[in-house]
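K.L.:
Please see the structure below; I have some questions.
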Amino acid sequence: MCMTIVAGHWEVKHTGTLDFKQLYQQIHDWVLEREYSPSRHDHEFPETLYFDSRSQPAGREVWIWWRCNYVPEDNPFYRYNLRINFFANRMKDMDVMVANKKQSVQWGEFRIIIDGLLETDVKGEWQRHPLLKHLYRFFVERVMWKDIEKRRTLLISDAEDLIRTIKAFYGTHHWEPLGKAFVPKLGLQETNPY
């Protein structure tokens, strides 16, 4: 059984308009770029849940769970885990004008929850060994604590980079819907020539 060390818990919230599909794609590309997915094929992408409920009168509710992990090549004793949970509430489709083009976006409450976990002895080699299984806890807590702290810091920096990517997306890809459509008043208007 591996030892799991919690690196952190982060939550990014946004209420307003954004292109949810583009946000999904940008985070998907970040996960592939940082090699937190086993391969670049979508059928092997670590998405464990996609729930889209369209029955609420207030708008759609979307839950997406990704369980991304990365095993460093220099030391397979460790595994970095990023649990990324998307949650969209009261999501409604709307159209906005961007550079004289109609674009479909979504309005709602969006939350992205990220948990960073560092696992040790992923393959269980220490736990299966008759002598080493008794020294495992001592070895991890006393001997390797500096290396574990260094790797925990690397995992935190990866999570913070993902958060910067999400916040940059929120900052550059939000639109305000246009006001009410112009409707001229009916009838003749009295005009004052003076």
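The values are calculated or read from the model by the stated rules, or taken from the named source; none is laboratory data. All of these numbers come straight from a predicted model, not from anything done at the bench. So basically every Cβ, Gly included, is an ideal-geometry build from the backbone, and we count neighbours across all protein chains shown. What goes into the accessible areas is simple: the full protein's heavy atoms, side chains included, and nothing from ligands, DNA or RNA. Shrake-Rupley method; radii C 1.70, N 1.55, O 1.52, S 1.80 Å.
K.L.:
Does Arg54 satisfy the criteria of being surrounded by fewer than 17 Cβ atoms within 10 Å (Cβ to Cβ), of a type in the set (Lys, Arg) and under 18 Å from the mean Cα position of the chain (by Cα)?
P.N.:
Spelling it out, it is not the case that Arg54 is surrounded by fewer than 17 Cβ atoms within 10 Å (Cβ to Cβ), of a type in the set (Lys, Arg) and under 18 Å from the mean Cα position of the chain (by Cα).
K.L.:
Answer yes if at least one residue in the range 16-39 is acidic (Asp, Glu), open to solvent by less than 70 Å² (accessible area, probe 1.4 Å), in contact with a strand residue (DSSP E or B) (Cβ under 7 Å, 6 or more places away or on another chain) and at pLDDT 90 or above, and no otherwise. Give the derivation first.
P.N.:
Start the filter on the range 16-39 by keeping residues that are acidic (Asp, Glu), which leaves 19, 29, 33, 35.
This time we only want the ones that are open to solvent by less than 70 Å² (accessible area, probe 1.4 Å), so: 19.
With the extra rule that they be in contact with a strand residue (DSSP E or B) (Cβ under 7 Å, 6 or more places away or on another chain), the set shrinks to 19.
Next cut, at pLDDT 90 or above only: none.
No; the residues of the range 16-39 include none that is acidic (Asp, Glu), open to solvent by less than 70 Å² (accessible area, probe 1.4 Å), in contact with a strand residue (DSSP E or B) (Cβ under 7 Å, 6 or more places away or on another chain) and at pLDDT 90 or above.
K.L.:
Under 6 Å between Cβ atoms, at least 6 apart or on separate chains: pull out the pairs that start in the range 51-74 with a residue that is closer than 20 Å to Ile113 by Cβ and end on any residue that is open to solvent by less than 60 Å² (accessible area, probe 1.4 Å) and of a type in the set (Val, Ile, Thr).
P.N.:
Listed by first residue and then by second, the contacts come to Asp52/Val62; Trp66/Ile84; Cys68/Val31.
K.L.:
Same structure, new question: Do any residues in the range 84-98 that are within 20 Å of Gln26 (Cα to Cα) have Cβ atoms under 7 Å from those of residues that are part of a strand (DSSP E or B) and open to solvent by 90 Å² or more (accessible area, probe 1.4 Å), where the two are at least six apart or on different chains, and which pairs are they?
P.N.:
Listed by first residue and then by second, the contacts come to Asn85/Trp65.
K.L.:
Restricting to the range 162-174, and then to whatever is in contact (Cβ under 8 Å) with a residue 24 or more places away in the chain and surrounded by fewer than 18 Cβ atoms within 10 Å (Cβ to Cβ), can you tell me which residue is nearest to Gln22 (Cα to Cα)? Don't jump to the end; show me each part of the working.
P.N.:
Step one: list which residues in the range 162-174 are in contact (Cβ under 8 Å) with a residue 24 or more places away in the chain, which gives 162-163, 165-167, 169-170, 173-174.
Still in the list and also surrounded by fewer than 18 Cβ atoms within 10 Å (Cβ to Cβ): 163, 165, 167, 170, 173-174.
Working: Ile163: 16, Thr165: 13, Lys167: 13, Tyr170: 11, His173: 9, His174: 11 Å.
Filtering first and then ranking leaves His173.
K.L.:
Just the residues that are open to solvent by less than 90 Å² (accessible area, probe 1.4 Å) and among the hydrophobic types (A, V, I, L, M, F, W, C), please, taken from the range 126-159.
P.N.:
If the condition is that a residue be open to solvent by less than 90 Å² (accessible area, probe 1.4 Å) and among the hydrophobic types (A, V, I, L, M, F, W, C), then Trp126, Leu132, Leu135, Phe139, Val140, Val143, Met144, Ile148, Leu154, Leu155, Ile156, Ala159 are the ones that fit.
K.L.:
State all residues of the range 74-93 that are open to solvent by less than 50 Å² (accessible area, probe 1.4 Å) and in a strand (DSSP E or B); if no residue qualifies, say none. Walk me through it before giving the result.
P.N.:
First pass over the range 74-93, keeping only residues open to solvent by less than 50 Å² (accessible area, probe 1.4 Å): 75, 77-78, 80-82, 84-89, 91.
Tyr78, Tyr80, Asn81, Leu82, Ile84, Asn85, Phe86, Phe87, Ala88, Asn89, Met91 - these are the residues of the range 74-93 that are open to solvent by less than 50 Å² (accessible area, probe 1.4 Å) and in a strand (DSSP E or B).
K.L.:
Taking the options Val62, Val96, Val105, name whichever one is open to solvent by less than 50 Å² (accessible area, probe 1.4 Å) and in contact with a Pro (Cβ under 8 Å, 6 or more places away or on another chain). It would help to see each step written out before you state the result.
P.N.:
Numbers: Val62 fails: in contact with a Pro (Cβ under 8 Å, 6 or more places away or on another chain); Val105 fails: in contact with a Pro (Cβ under 8 Å, 6 or more places away or on another chain).
None of the other options fit; the residue is Val96.
K.L.:
Right, next: I'm trying to understand the selection: among the residues of the range 105-144, which are free of Cβ contacts under 8 Å to residues at least 60 places away in the same chain and within 29 Å of the chain's Cα centre (by Cα)?
P.N.:
Selection gives Lys123 alone.
K.L.:
Can you name the residue in the range 108-125 that is open to solvent by 40 Å² or more (accessible area, probe 1.4 Å) and at pLDDT below 85 and, of all such residues, is nearest to Ile5 (Cα to Cα)?
P.N.:
Val122
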